[in-house]
Ligand SMILES: [Zn+2]
């Protein structure tokens, strides 16, 4: 059989693997490329969509599921197998993603219309995403099911987000059975609500994620205490706590912790503090959490049995409508406002920042990763003034950060999971990580476990035959090579962006320090400026 790496190879997004057996072709994940690699979403699929027999989906995160609507839009009509909670979460996340694509296209088209250019189409619409949902077929964890007479599949709990799965696949080719295991994204142990990642017994070939393959997380101890003390001190001085949070996962985790504090029989912490979940997506996601208790760990199940629903407590408000959301702006103090997006670049959180960021009695609390260039990162890095929704806001509120909230196992966690195999995998493909992270993790695997570990390239195909494995020529289809070219180019552009900024700042600093003459600096700037203008003119006449 052949496996082609069409995403999440030396990068973290766009997870997609094409597996071809004697008579079947299927995908494991069909995710969206994000951030630096976003452009790759526009490239045509490497394969003929109509020749794909089925899709196996590890979990609902958009970088694993986000191109399923594109697949259906282009004519795919086969089943998408996933766990039940994954299918449920996709029913809100995929239409939401479609909505974002529509808004992006609309924004671009306004610009293009002004420049007299043809409009562009969104990758897919909310409606098209809705259409793709009818192809989902779910199975519960640990239930081995046959896709056909030669292929069977089992989803195991990956402990990463609700419904996240490790995918076990048994493939029979000419009487020989080969077992592939795709780790999907693996969670951290001892997280609230979710169980720890399942231990897998054996695999011939393992495809493992390596997001944190070269790093270790800060110990999670003290996180809840810190959460409590930040809310407590802010409320006592008359302010609100604004928490930018991802709608799925992190929001529910926060509610779980706040519920425990509030329902502590002895202390009744945070009594009277109002908690708002102000994000329609987060509210829908919380409902899906409540509808899927089969995914809970023992502690959460016991909590439920004792009559305590972790997503229900005194003074908790879910504000779905815009009117309800705007009413929160009138609250001067004593409230915790959990809102999305988690990195503050879109959504209702921007309004809450606008109303609270300039007040010294308030706190903005970060509980998740803030990517470079996002509003969240800028605030977290400590700027004094930011522009939000057209207004300049002075940052007076306290900015706090709690580390250690992460949906991904770190290097030690991944290694511990690997050591759990009773029969070790014959060969390991390290995927879903930046090149450096994957490389370091592959080295750890080789050194500590003595298993051959390789890092596939984007677009690469390998042939697997029993014990042997060999890299084969990429088929003469352009899309595979195209993927690599576009990726190379976008990487270069990102690099140039940083270098350009550094160069400009450098010149500015040199001039300020008097180490370079103003005239000389001016000449360099004029040269660069002239080049940019020429390029812009050339581009304008071409389009
Ligand atoms: Zn994920």
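What follows draws every value from the coordinates through simple rules; no lab data is involved. Everything quoted here is computed from the prediction, not taken from an experiment. Because the Cβ atoms are built from the backbone with ideal geometry, glycine has one as well, and the counts that use them run over all protein chains shown.
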Check: residue 389 to residue 505: extension gain in nm, 0.36 nm per residue of separation minus the Cα-Cα distance?
Finding: 39.1 nm
Check: If you count the DSSP beta bridges with both ends in the chain, what percent of them are antiparallel, to the nearest 5?
Finding: 50
Checklist line | DSSP bridge pairs, region 223-401: antiparallel proportion in percent, nearest 5 | finding: 20
Checklist line | Relative contact order computed over the chain (Cα-Cα under 8 Å; 6+ residues apart), in percent | finding: 17
Notebook entry, point to check: Where does the chain land at 222 nm, in deg cm²/dmol rounded to the nearest 500, when only DSSP H runs of n ≥ 4 count, each adding -39500 (n - 2.57), divided by all residues?
Noted result: -12000 deg cm²/dmol
Next item on the list: Could you order peptides 158-164, 226-232 by the average number of other Cβ atoms within 10 Å of their residues, highest first?
Entry: 158-164, 226-232
Notebook entry, point to check: Under 20 Å from a point 7 Å along the Cα-to-Cβ line of residue 146: which residues of region 54-82 have their amide N that close?
Noted result: 54-56, 79-82
Next item on the list: Mind jotting down the distance between the C-alpha centroids of region 362-381 and region 406-442, whole Å?
Entry: 29
Margin query: Is the C-alpha gyration tensor of the chain telling us rounded, prolate or oblate? Criteria: a/c under 1.5 is rounded; beyond that, a/b larger than b/c is prolate, otherwise oblate.
Written below: oblate
Item checked: Centroid-to-centroid separation of region 80-97 and region 283-345 [C-alpha atoms, Å] -> 20
Notebook entry, point to check: Any idea what the relative contact order of region 360-417 is, in percent, if you count C-alpha pairs under 8 Å spaced at least 6 apart?
Noted result: 43
Note to self: Could you tell me the calculated FRET efficiency between residue 190 and residue 331, based on Cβ-Cβ distance and R0 = 45 angstrom, to the nearest 0.05?
What the structure shows: 0.85
Margin query: What is the distance in Å between the Cα centroid of region 494-543 and that of region 1-64?
Written below: 39
Notebook entry, point to check: In nm, to one decimal, how far is the modelled label at residue 536 from the one at residue 137, with both set 7 Å along Cα→Cβ?
Noted result: 5.5
Check: How high is the FRET efficiency between residue 106 and residue 518 when r is their beta carbon distance and R₀ equals 56 Å, given to the nearest 0.05?
Finding: 0.80
Notebook entry, point to check: Assuming R0 = 41 Å, what is the FRET efficiency of residue 321 and residue 298, from their Cβ-Cβ distance, to the nearest 0.05?
Noted result: 0.65
Check: Simple spin-label model, 7 Å along Cα-to-Cβ: residue 290 to residue 39 in nm?
Finding: 4.6
Notebook entry, point to check: Hey, can you rank 258-268, 490-500 by average C-beta count inside 10 Å, highest first?
Noted result: 258-268, 490-500
